[in-house]
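These notes concern the structure reproduced below.
The values are calculated or read from the model by the stated rules, or taken from the named source; none is laboratory data. The model shown is predicted, which means the values in this text are computed figures rather than measured ones. Don't worry about glycine lacking a Cβ; one is built from the backbone with ideal geometry, like all the others, and counts go over all protein chains shown. Note: accessible area is taken over every heavy atom of the protein model, side chains too, but ligands, DNA and RNA are not part of it. Shrake-Rupley method; radii C 1.70, N 1.55, O 1.52, S 1.80 Å.
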Amino acid sequence: MKDFMFIFRNSTEAPQPSPEEMQANMQQWMGWIEKLKSQGKYVAGEPLLPEGKIVKGAKALITDGPFAESKELVGGFFIVKAETLEEATEMAKDCPDLPTNGSVEVREVMKID
Amino acid sequence: MESSVQNSKLVDHLFRNQAGKMIAALTRVFGIHNLQLAEDVVQEAFLKATQSWTYHQIPDNPSAWLMQVAKNRAVDILRRNQQARQYSKEISYKLQHEAENIIEQLFHDSEISDSQLRLIFACCHPQLKPEEQIAFTLKTVSGFGTKEIARAFLTNEEAIQKRIYRAKQHIKENDIQLEIPVGKDLVKRLETVHAVMYLLFNEGYNSSKSDELIRHDLCSEAIRLCKLLSEHKAGKDPATYALLSLMCFHAARFESRMDENNAIVLLAEQDRSLWDTELIRMGNYYLNLSSAGNTVTIYHVESAIAATHCNAITFIETDWNLILKLYELLMQMKPSPLIELNRCVVLAELGAVDQAVDRILSISNIEKLLKTEYLYNAVLGDLYLRMNKTEEGTDLLLQAYALTSSKAEKELITKKIQKANLSRS
């Protein structure tokens, strides 16, 4: 088994969801995590707050988030276990945010022996 | 599983119902002219909840957790605004301290129901148009999204957004306050609130156009709001109880009105064992409470009609004489072609089919109604069939078929036509 990281991005242009939609979405996420846990594939995960800073360049130039110019915002990440990149990618298809234009970046965690 | 235990801590519509409560408390803090700010705070609280609960765990008391987040945010905003003002440290501290005490009180349960009532009165302000009152109430008091409201009223989101925008503007421009009216004002304002809730319920109950799920939601929301009203000292008047009992009786029959193929099941053929006995019990309970005092409203009479249907063990045992009297009373209170039509249906049940037909034909403007409203054709057609005037009856039913856009109504009409013409041949 290898470790993979799921990086979740949300569209910042999606219309504001209603309370009912937010609750339904949350319950789908809980269901997904539960499924991965029951398969022994869930390692960890954390949400990210929308605010932040960017430090860039030799002069360490600081700019403020939220990153208004970008159309996507990283909202959180998972670490999961899978045999191959293909399997991990297949698992990522269950992400509840895909219908609202969210995306999942699937990356293998590099192991240095 | 850990998460299913987690999920079970969440009741249905928790966010939606909680949104209304948070908005009610927050508008008391910021004023209703700052409704947008209150809405932003609520949205933020939900965002925080979804992230924290998904990745960690749902708190033992999710609604209290949400309220706490909203309250803390309100205090934060106040602090920041306070700092921007130029007072001495001493004055600033005292003002802040005092304000935080008030906020603390406003987030107490008893105060929240009071705030919800104030919000209902503002959203159902008589100067707003009915469609604005309904959309604004659903959005602000009930926590519905514009998409959900649009789906319930078969219109697009922009139309709903416009209605809500107009309502908000009106409240700002006319400086409408969050208050519970008193004395004579209260009686008048309650009438508007009742009317909005009645419309809301009927939209869910009668519209065969929108989908079942959202219709159920509208009905249960109307019942929830009416119950809220009935539990508050300013709202618990006989008319509120009568309206609430009416809703309970109707809602009790919800499940039996459609069969598994979404076809309409007529009252005579409904499986009465599907009727919700708990709701009928509640209906009787509230109808009983509504009889205090001397006022008889249309809700009293309509509820009494619904009660007579609900309390009849079989269709044949229905007390049609009582129902006829009640419709006559209703005609005196609120004369309308629709009530007259209903009264004629009762007459026909009592055997006076000829008389019923004559009366329908003498409704003023009946020619116009027969050209635009399918229901008049459908009822009249049905009565002709009972008189064995198959040709006239079929013609009218065909017109009804052409006038309705409801698939379920069309199927019912087709069935009737087929049955009548089969027995003839």
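Just a few scattered comments:
- When B:ILE164, B:ILE91 are screened for being at pLDDT 95 or above, among the β-branched types (Val, Ile, Thr) and assigned to a helix (DSSP H, G or I), only B:ILE164 passes.
- Residues in the stretch A:5-37 that are within 7 Å of another protein chain (Cβ to nearest Cβ) and aliphatic (A, V, I, L, M): A:MET22, A:MET26, A:MET30, A:ILE33.
- Wholly within the stretch B:318-401, helices (runs of 4 or more DSSP H) carrying at least 1 residues that are β-branched (Val, Ile, Thr) and over 25 Å from B:SER423 (Cβ atoms): B:320-333, B:337-349, B:366-372
- Candidates B:ALA263, B:ALA268: the one that is touching an Asp or Glu at 6+ places or on another chain (Cβ under 6 Å), surrounded by fewer than 20 Cβ atoms within 10 Å (Cβ to Cβ) and of a type in the set (Gly, Ala, Ser) is B:ALA263.
- Single match in B:ALA24, B:ALA64 (criterion: over 30 Å from B:GLN169 (Cβ atoms), within 27 Å of the chain's Cα centre (by Cα) and part of a helix (DSSP H, G or I)): B:ALA64
- Among (1) open to solvent by 30 Å² or more (accessible area, probe 1.4 Å); (2) assigned to a helix (DSSP H, G or I), the one test that B:GLN57 misses: (2)
- Within the stretch B:402-425, the residues that satisfy the criterion of being open to solvent by 90 Å² or more (accessible area, probe 1.4 Å) and under 31 Å from the mean Cα position of the chain (by Cα) are B:SER405, B:LYS407.
- Considering the stretch B:1-18, and only residues there that are at the interface with another protein chain (Cβ under 9 Å from one of its Cβ atoms) and not in a helix (DSSP H, G or I), the residue that is modelled with the lowest pLDDT turns out to be B:MET1.
- Within the stretch B:180-239, being among the β-branched types (Val, Ile, Thr), assigned to a helix (DSSP H, G or I) and open to solvent by 10 Å² or more (accessible area, probe 1.4 Å) holds for B:VAL187, B:THR192, B:ILE223.
- Members of the stretch B:19-42 found to be facing chain A (nearest Cβ under 8 Å) and at pLDDT below 95, listed by number: none
- Among residues of the stretch B:38-54, those that are surrounded by fewer than 17 Cβ atoms within 10 Å (Cβ to Cβ) and farther than 27 Å from A:PHE77 by Cβ, counted: 0
- Against the conditions (1) open to solvent by less than 20 Å² (accessible area, probe 1.4 Å); (2) over 25 Å from the mean Cα position of the chain (by Cα), B:VAL301 satisfies every one except (2).
- Matching option when the condition is open to solvent by 20 Å² or more (accessible area, probe 1.4 Å), on the phi > 0 side of the Ramachandran plot and in contact with a helix residue (DSSP H, G or I) (Cβ under 8 Å, 6 or more places away or on another chain), among B:ASN311, B:ASN365: B:ASN365
- Selection count where residues are of a type in the set (Val, Ile, Thr), open to solvent by less than 20 Å² (accessible area, probe 1.4 Å) and touching a residue at least 24 places away in the same chain (Cβ under 8 Å), scope the stretch B:333-356: 1
- So B:LYS227, is it farther than 30 Å from B:LEU412 by Cβ and in contact (Cβ under 8 Å) with a residue 12 or more places away in the chain: yes
- Taken residue by residue, the stretch B:127-150 has at least one member that is over 14 Å from the mean Cα position of the chain (by Cα), buried (at least 19 other Cβ atoms within 10 Å of the Cβ) and not in a helix (DSSP H, G or I).
- When A:THR12, A:THR63 are checked against the criterion of being of a type in the set (Ser, Thr, Tyr), out of contact with any Asp or Glu (no Cβ under 8 Å at 6 or more places or on another chain) and open to solvent by 50 Å² or more (accessible area, probe 1.4 Å), a single residue qualifies: A:THR63.
- Of all residue pairs spaced 6 or more apart or on separate chains, those with beta-carbon atoms under 9 Å, a first member in the stretch B:383-407 that is closer than 12 Å to B:VAL357 by Cα and a second member that is of a type in the set (S, T, N, Q) are B:TYR384/B:THR390; B:TYR384/B:THR394; B:LEU385/B:THR394.
- Listed by first and then second residue, the pairs with beta-carbon distance under 9 Å, at least 6 apart or on different chains, first residue in the stretch B:50-63 and over 10 Å from A:MET26 (Cβ atoms) and facing chain A (nearest Cβ under 9 Å), second surrounded by fewer than 15 Cβ atoms within 10 Å (Cβ to Cβ) and modelled with pLDDT of 90 or more, are B:TYR55/A:GLU46.
To keep it simple, each residue is scored yes or no on (1) free of Cβ contacts under 8 Å to residues at least 40 places away in the same chain; (2) within 14 Å of chain A (Cβ to nearest Cβ).
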residue	(1), (2)
B:GLU98	yes, no
B:LEU119	no, no
B:ALA122	no, no
B:GLU132	yes, no
B:LYS139	yes, yes
B:GLY143	no, yes
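- Annotation: of all residues in the stretch B:151-179 being open to solvent by less than 40 Å² (accessible area, probe 1.4 Å) and within 14 Å of chain A (Cβ to nearest Cβ), the one that is farthest from B:LEU37 (Cα to Cα) is B:ALA152.
- Applying the criterion of being in a loop (DSSP other than H, G, I, E, B) and under 25 Å from B:LEU199 (Cβ atoms) to the residues of the stretch B:271-291, the residue that is least open to solvent (accessible area, probe 1.4 Å) is B:TRP275.
- The set of residues from the stretch B:18-35 being in contact (Cβ under 8 Å) with a residue 12 or more places away in the chain and open to solvent by 40 Å² or more (accessible area, probe 1.4 Å) comprises B:LYS21, B:ARG28, B:HIS33.
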